[in-house]
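The structure appears right after this line, and notes come after that.
The values are calculated or read from the model by the stated rules, or taken from the named source; none is laboratory data. Because the structure is a prediction, the values reported are computed rather than measured. No Cβ is skipped: glycine too gets one built from the backbone with ideal geometry, and neighbour counts run over all protein chains shown.
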Amino acid sequence: MRVLIYHRDADQWRDVLRSRLPEATFDIAGDSGNPPADFLVAWKPPVSLLEEQTTLKGIVNLGAGVDALLQNPALPRDIPIVKLRDAGMGELIADYVRYGVFHFQRDFDRYRRQQASHEWREFDVVDKRDWGIGVLGLGAIGSHVAKALTADGFPVHGWSRTPKRIEGITCHDGDDGLDGLLGQVRTLVTLLPDTPATRQIVNRDTLAKLPPGASLINPGRGTLIDEAALLEALGKGTEEGQLRGALLDAFPAEPLAADSPLWSHPRILVTPHMAGPTPLGAAADQVADALNAMSKGEAVETIDPDAGY
Ligand code: OXD
């Protein structure tokens, strides 16, 4: 089998995959002019690359989100597309979210601002059991995050499009379920895929349904959030508005533009899409298994292009 790899760290991927599939041939792809391949292993391949690869029998997406791939107009629709499931990203993203939750629950955001004005003032701690957290999106990563927060002692509400049951998590679904969840949470975490149904799910209406002083953590997709509504809910300056603060890792256009107002807002923390880097080892096992199965014509767990994940 001939495999083409398109990734920023393509050499590393080639080495780990070669050690798992010694009989396969691996080539590293440029934007065009590549040898024809049976399988493409890629993260955000360019249109030109997909256009020239007319012999592909399958694609492995080197990430959990398939939005960029599905938006590629040259994506073949008649071959299996496999994405990475939780290959260790769940734990990394859970740590990121837990950091964010403690940032707000233990008032680190306020202490950081107080330090700037040399102010010594202690806040009463809100008990974890009274700090409801809403996790929008209960896929492999969302449910990992929800369980980690439950283990920390927070009451966790999860939301998904279709009904789910996860032990220890209060699960909600559908539009009514979303409204019910929003009213009960002090921190909202967005881990939904980017689909037409989820775009700007965090908008003026949803933000208004959160209790005053709630916080937002987005390690998911930038498109989930209506940025103008977010800035409006935060209000200006250091004075806490309807929304107390936000920790944002994903943006509709990345890198975040240098002149974006998000950078300088005193109650927004910006991180450069670093919440869930893909750990090579476990991910390489998943990629190798998928390539192996597809090359033998065996069934693989493929994405659903219509659902968008
Ligand atoms: C992913 C990502 O989807 O890194 O895996 O955003």
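Working only within segment 1-52, note down all residues that are touching a residue at least 60 places away in the same chain (Cβ under 8 Å) and away from the ligand (no atom under 16 Å from the Cβ).
Within segment 1-52, Met1, Val3, Val16, Leu17, Arg20, Leu21, Ala24, Asp38, Phe39 qualify.
Could you tell me whether any residue of segment 289-309 is of a type in the set (A, V, I, L, M, F, W, C), within 14 Å of the ligand (Cβ to nearest atom) and more than 26 Å from Ala197 (Cα to Cα)?
No, segment 289-309 contains no residue that is of a type in the set (A, V, I, L, M, F, W, C), within 14 Å of the ligand (Cβ to nearest atom) and more than 26 Å from Ala197 (Cα to Cα).
Given Ala140, Ala148, Ala87, Ala94, which one is in contact with a Lys or Arg (Cβ under 7 Å, 6 or more places away or on another chain) and within 16 Å of the ligand (Cβ to nearest atom)?
Ala140
Of all the strands (runs of 3 or more DSSP E) wholly in segment 167-267, which have at least 3 residues that are over 16 Å from the mean Cα position of the chain (by Cα) and free of Cβ contacts under 8 Å to residues at least 40 places away in the same chain?
170-173
Of the conditions (1) within 20 Å of the chain's Cα centre (by Cα); (2) touching a residue at least 12 places away in the same chain (Cβ under 8 Å); (3) farther than 30 Å from Leu40 by Cβ, Met89 clears all except one; give me its number.
Of (1) within 20 Å of the chain's Cα centre (by Cα); (2) touching a residue at least 12 places away in the same chain (Cβ under 8 Å); (3) farther than 30 Å from Leu40 by Cβ, only one is false for Met89: (3).
For Thr278, which of the numbered conditions (1) within 16 Å of the ligand (Cβ to nearest atom); (2) assigned to a loop (DSSP other than H, G, I, E, B); (3) on the phi < 0 side of the Ramachandran plot; (4) at pLDDT 95 or above fails to hold?
Unmet for Thr278, out of (1) within 16 Å of the ligand (Cβ to nearest atom); (2) assigned to a loop (DSSP other than H, G, I, E, B); (3) on the phi < 0 side of the Ramachandran plot; (4) at pLDDT 95 or above: (4).
So which residues in segment 200-252 are within 16 Å of the ligand (Cβ to nearest atom) and of a type in the set (Lys, Arg), if there are any at all?
Selection gives Arg221 alone.
Can you tell me which residues in segment 164-190 are buried (at least 16 other Cβ atoms within 10 Å of the Cβ), closer than 17 Å to Pro212 by Cα and of a type in the set (D, E, K, R)?
Arg186
Restricting attention to segment 1-10, and to residues there that are touching a strand residue (DSSP E or B) at 6+ places or on another chain (Cβ under 7 Å) and of a type outside the set (A, V, I, L, M, F, W, C), which single residue is nearest to Asp289 (Cα to Cα)? It would help to see each step written out before you state the result.
As a first pass, look at segment 1-10 and keep what is touching a strand residue (DSSP E or B) at 6+ places or on another chain (Cβ under 7 Å): 1-7, 10.
Checking which are of a type outside the set (A, V, I, L, M, F, W, C) leaves us with 2, 6-7.
Working: Arg2: 15, Tyr6: 18, His7: 19 Å.
Applying the filter and picking the extreme gives Arg2.
Name every residue in segment 136-163 that is assigned to a helix (DSSP H, G or I) and crowded, with 24+ Cβ neighbours inside 10 Å, in order of residue number.
Narrowing segment 136-163 to residues assigned to a helix (DSSP H, G or I): 140-152.
Within segment 136-163, Ile141, Gly142, Val145, Ala146, Leu149 qualify.
With the condition being loosely packed, with under 15 Cβ neighbours inside 10 Å and assigned by TED's automatic domain parsing to the domain that holds His7, I'd like the helices (runs of 4 or more DSSP H) fully within segment 34-135 carrying at least 2 qualifying residues.
Passing ranges, in order: 47-52.
Run Ala74 past the list (1) without any contact (Cβ under 8 Å) to a residue 40 or more places away in the chain; (2) out of contact with any helix residue (DSSP H, G or I) (no Cβ under 6 Å at 6 or more places or on another chain) and report the number of the one that doesn't hold.
Just one mismatch for Ala74, condition (2).
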